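Novice: The structure that follows is given in the form of structure tokens.
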Amino acid sequence: MDLKSDNITWTVSPVTRENRSELLRHAGSVIWLTGLSGSGKSTLATRLQYRLHLRGMSAFILDGDNIRHGLCSNLAFSPEDRSENIRRAGEAAKLMAEAGIIVICSLISPFRADRIRVREICGLAGIPFAEVFLNTPLEICEARDVKGLYKRARAGEIKDFTGINSPYEAPEEPELEIRSGESSLEDSVDALLGLATSVSRKPPAAADSSHGSGI
């Protein structure tokens, strides 16, 4: 990303990513859950966080609705705003993962290019990244819709609603695909837990000094 000023420098900490990994006994990582509204992202994210917590692993959820209350409160749902929303979420997730946290991102993130950009953001920083596609049919998502958002979108009351009047581009090669309309909740959480623990047990990449040259 192009910086708007030449008068800023990256501050390098004497505490390395390896130090933080040793302290927490696992590497930080980003587990990115994507799928339609109602596909089960928030449910699975909270269950995964709890299972990781029981294992003594530090995990935090970046939920799409939650970050729009603060970090992204000035963004709407145009394609441009959606892309910026995902960019900010990706940058925040990267920073938290650098701190050693397993960051569970639960966002519709409908556009493939935006998710690829987040993967690249993490990759350049040496952060393990895994994309999880919650492949749930639209009719099941609508049947689960306790907030009535799909009904309002079909009535024309909500514009740019993914799956109705705004597209969703499914991942082509996710690390994990969960068909939540077919798999049980426990089986889905078990699959997620296996992925998250595997990704986060990898030795952290030494990228802390990529922005500077020591202290």
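Quick note: the coordinates plus some simple rules give every number you see, no bench work behind them. Values in this document were obtained by computation on a predicted structure and should not be read as measured data. Every residue, glycine among them, receives a Cβ derived from its backbone with ideal geometry; neighbour counts consider all protein chains shown.
Novice: Please give the FRET efficiency for E139 paired with A99, using the beta carbon to beta carbon distance and R0 = 35 Å, rounded to the nearest 0.05.
Specialist: So, using R0 = 35 Å, E works out to roughly 0.30.
Novice: Now for a separate question. Taking 30 Å as R0, compute the FRET efficiency from the Cβ-Cβ separation of D6 and E175 and round it to 0.05.
Specialist: 0.20
Novice: May I ask for the angle, rounded to the nearest 10°, between helix 112-124 and the longest principal axis of the chain, with both axes built from Cα atoms and the value confined to 0 to 90°?
Specialist: Long axis of 112-124 versus the principal axis of the chain: about 20 degrees.
Novice: Using the alpha carbons of the chain, what is the convex hull volume per residue in cubic angstrom, as a whole number?
Specialist: Per-residue hull volume (Cα only) is 125 Å³.
Novice: Based on DSSP H runs of at least 4 residues, each adding -39500 (n - 2.57), what is the mean residue ellipticity at 222 nm of the chain after dividing by all its residues, to the nearest 500 deg cm²/dmol?
Specialist: Helix contribution divided over all residues of the chain: -12000 deg cm²/dmol.
Novice: What whole-number distance in Å separates the alpha-carbon centres of region 89-140 and region 1-67?
Specialist: The distance from the Cα centre of region 89-140 to that of region 1-67 comes to 9 Å.
Novice: In addition: Can you give me the convex hull volume of the Cα atoms of region 11-118, divided per residue and expressed in Å³?
Specialist: 108 Å³
Novice: For the chain, set up a GNM with springs between Cα atoms under 10 Å and report which of V15, V132, V189 has the largest fluctuation.
Specialist: Checking each option, the largest mean-square fluctuation is seen for V15.
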